[in-house]
Amino acid sequence: LEVDHAERVHIAIDEERFTASDTPSPMPIRESLASLGANRPFVIFLGAHILFAMAASMIFPVLPYVATVLLGRSEGFAFELSASLGITIGLGYATFPRLLARFRAKRILMLSFALYSTGAGALGTLVPSAPGLPQDGHNLGVAFAALAVMGFAISGVSLMPNVLVGQLIDEDAARSGANRSALFLGVTRAFDKWAFGLSSALIAFLFARF
């Protein structure tokens, strides 16, 4: 930006900065999908992500079962259980981005799933009880603590895959010279929906069976 003596303003614009774009993928969609299938890190990530997404999404339909069958309370008590999840999910959303400055996204994701598995295992130890019975206090403590741990883990399971996909996109672009971010994200989101649908079907089957 320059101003001459006649008070006329001259603005220099770097047109290339605003018009340049990444190189689009030169391959047809079938070849691009085949190349994704040959991308071993992405295939490993996608398989793990499906399992993580299924596990994380299954806890919410289970809350009414925990409230009524395991804790002997009304279905409305499931709201109080979900509050334990919600608080720590929010805490995790505030915490995990800061951890990225010190730890790799892969390590944070594995830690999140380990925490989730610990919480789920603790819920599995609950014995059906009801208010006033000796086991009730223990059940309540375990249920709220386990759900708090699982809520914190869910935030990591939902945030870290986005970071990992971004890293995989950068590695693919550096190797192939093509920008296929839409393909990576589209395939990931498609499998997200498949995982959520499968987890819903699995929960419905377990409730009908047991």
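Please state which of the following conditions A67 fails to meet, knowing it meets all the rest: (1) more than 22 Å from the chain's Cα centre (by Cα); (2) surrounded by fewer than 20 Cβ atoms within 10 Å (Cβ to Cβ); (3) of a type in the set (G, A, S); (4) in a helix (DSSP H, G or I). A67 satisfies all of (1) more than 22 Å from the chain's Cα centre (by Cα); (2) surrounded by fewer than 20 Cβ atoms within 10 Å (Cβ to Cβ); (3) of a type in the set (G, A, S); (4) in a helix (DSSP H, G or I) except (2).
Okay, residues lined up against (1) surrounded by fewer than 14 Cβ atoms within 10 Å (Cβ to Cβ); (2) at pLDDT below 85; (3) assigned to a helix (DSSP H, G or I):
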residue	(1), (2), (3)
P128	yes, no, no
G141	yes, no, yes
A148	no, no, yes
S155	no, no, yes
V163	no, no, yes
K193	yes, yes, yes
G197	yes, yes, yes
F205	yes, yes, yes
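The values are calculated or read from the model by the stated rules, or taken from the named source; none is laboratory data. Small disclaimer: the values here were computed from a predicted structure and weren't measured. Cβ atoms come from the backbone with ideal geometry, glycine included; neighbour counts cover every protein chain shown.
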